[in-house]
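Structure first, then comments.
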Amino acid sequence: MTLRSRTSDEVLTGLIAEGAFKMRKSMKKAMLVGFGGAVVVAYALAMVSVLTGFSPYRLSVVLVVPLGAMACGFAAVSGFYFAAKDEEELERPQPVLFVAMIAAACLAQMLIFVFEYFGAFIPTHSLAALMSFPDYIELTFTNAEVRMRGQDFEPESGGLAMALAFSQLVGFLLAAPITYKQIPGSGSFIDQ
């Protein structure tokens, strides 16, 4: 009897044949609706910011409670909720769904900056033609306008703007587990 090790191609082929990488139709729908919804919400928020100068996701209470980011995060992951709620076979205790919701919330936050960058215009010029995306991000985080109780802080807020951006990301990410817990199902891997 001869023992030989299987190549990685043989192992992968075996896993595919056994259905290890098959995704149920209901999960595909949840992913499509969830990530599609996150992209649409990010685009809408960026366009509101570009066209009106008001960024709803940047609203914070006492500079550290990102209420606007949490509300926008809920909107960004709501597609997962509605898709999973409609599918009877898609029960909540699926780590894949939870990870996808976290990824979609993070993606939406990043896409807002991308869409703002490509949507911003300075009279007769696109902002993208004048500066690179990394320069735009640096300018956004170091020259943010911070207003609290009617008082404006220095435009060169630097570290404060970075802290606000971090709190906004946390707000977006907090929306995912809260929304996930609302999906009907027989239990959750989070509870275990």
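Throughout, read-outs are computed from the coordinates displayed, never taken from laboratory work. Values in this document were obtained by computation on a predicted structure and should not be read as measured data. FYI the Cβ positions are ideal-geometry reconstructions off the backbone, even for glycines, and counts take in every protein chain you see.
A Förster radius of 25 Å combined with the Cβ-Cβ distance from Ala163 to Ile137 puts the calculated FRET efficiency at roughly 0.95.
Peptide packing for 125-133, 38-46 was compared via the average number of neighbouring C-beta atoms within 10 Å per residue; ordered from the highest value, the list is 38-46, 125-133. Averaging the Cα positions of each part gives two centres, and for segment 109-130 and segment 32-52 these lie 14 Å apart.
Among residues other than Ala128 with Cβ under 14 Å from its Cβ, the summed charge is -2 (Lys and Arg +1, Asp and Glu -1).
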